[in-house]
Amino acid sequence: DPRIGLAGSSYLQVVHGCLTGRPPLPDLDLERSVQAFLRQAIAAGLVASAHDLSDGGLAVAAVEASLAGGLGAHLELPAGLARPDRLLFAEGGARILVSVAPERSIAWQEALDQAEAAAPGSVPARCLGVVSAAPELSISQAGTPLLQLPLVLLRERYEQAIPRRLREAGPPPEH
């Protein structure tokens, strides 16, 4: 799918030390339909939280959403979709990680079904997992763990990212 990828991504820069390749192609029609659907779902009270996947991909969005809400989550990705690094860190537009309260899940699915009936493929969606009170984020693919970390560790790493980078860079050069 040319609309998502690792080229030009934060993952490529941080993990592999290079920033190269063409970023994903935007699909403005898909973006418009996904954003319109999400605004309607929020207005209808169906959405508990929403976080875009444009910078850092699914794993980063899941971490940031878990830290913001103070809740853990377990995501289960289907087998055979893509390589684990692409599943976790691919960037692109029109991708949003949404959480829905259990009591709103039927209404959420009905809204998705209506959107699909009105314009097939306009709001592609897939249930990936559940939000949990357990203070841990886990992501698996077909039962194989890809990530399993306590929120306390994720919060410490997240909050210390800038100070850690500054320490690693050393003191500024003297003029």
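The values are calculated or read from the model by the stated rules, or taken from the named source; none is laboratory data. These figures come from a predicted structure and were not determined experimentally. Positions of Cβ are generated from backbone atoms using ideal geometry, with glycine treated the same way; all protein chains shown enter the neighbour counts. Keep in mind that these areas ignore ligands, DNA and RNA; they rest on the heavy atoms of the full protein, side chains included. Shrake-Rupley method; radii C 1.70, N 1.55, O 1.52, S 1.80 Å.
Computed values, structure above
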item: Leading residue by the ranking (nearest to residue 34 (Cα to Cα)) among those in segment 90-110 that are hydrophobic (A, V, I, L, M, F, W, C) and under 20 Å from the mean Cα position of the chain (by Cα); result: 94
item: Residue within segment 89-103 that is of a type in the set (S, T, N, Q) and farther than 29 Å from residue 160 by Cα present; result: no
item: Segment 106-127 residues that are more than 27 Å from residue 142 (Cα to Cα), paired with ones that are open to solvent by 80 Å² or more (accessible area, probe 1.4 Å) (beta carbon under 8 Å, 6 or more apart); result: 111/40
item: Given (1) in contact with a strand residue (DSSP E or B) (Cβ under 6 Å, 6 or more places away or on another chain); (2) outside any helix (DSSP H, G or I), index of the condition residue 23 fails; result: (1)
item: Some residue of segment 63-86 being more than 21 Å from residue 8 (Cα to Cα) and acidic (Asp, Glu); result: yes
item: Matching residues, segment 92-125, being out of contact with any strand residue (DSSP E or B) (no Cβ under 7 Å at 6 or more places or on another chain) and either on the phi > 0 side of the Ramachandran plot or modelled with pLDDT under 95 (or both); result: 93, 94, 121
item: Evaluation of residue 172 against (1) open to solvent by less than 80 Å² (accessible area, probe 1.4 Å); (2) at pLDDT below 95 (one fails), failing number; result: (1)
item: Residue in segment 67-82 that is in contact with a His (Cβ under 9 Å, 6 or more places away or on another chain), open to solvent by 30 Å² or more (accessible area, probe 1.4 Å), part of a helix (DSSP H, G or I) and closer than 29 Å to residue 7 by Cα present; result: yes
item: Failed item, numbered, when residue 43 is tested on (1) closer than 25 Å to residue 115 by Cα; (2) open to solvent by less than 30 Å² (accessible area, probe 1.4 Å); result: (2)
item: Among (1) surrounded by fewer than 16 Cβ atoms within 10 Å (Cβ to Cβ); (2) in contact (Cβ under 8 Å) with a residue 24 or more places away in the chain - the single one residue 93 does not satisfy; result: (1)
item: Hey, residue 54 touching a residue at least 40 places away in the same chain (Cβ under 8 Å), of a type in the set (Ser, Thr, Tyr) and open to solvent by 50 Å² or more (accessible area, probe 1.4 Å) or not; result: yes
item: Residues satisfying the stated conditions in segment 4-20, i.e. among the small types (Gly, Ala, Ser), closer than 17 Å to residue 55 by Cβ and in a loop (DSSP other than H, G, I, E, B); result: 7, 8, 9
item: Selection within segment 9-40 - small (Gly, Ala, Ser), surrounded by fewer than 15 Cβ atoms within 10 Å (Cβ to Cβ) and touching a residue at least 24 places away in the same chain (Cβ under 8 Å); result: none
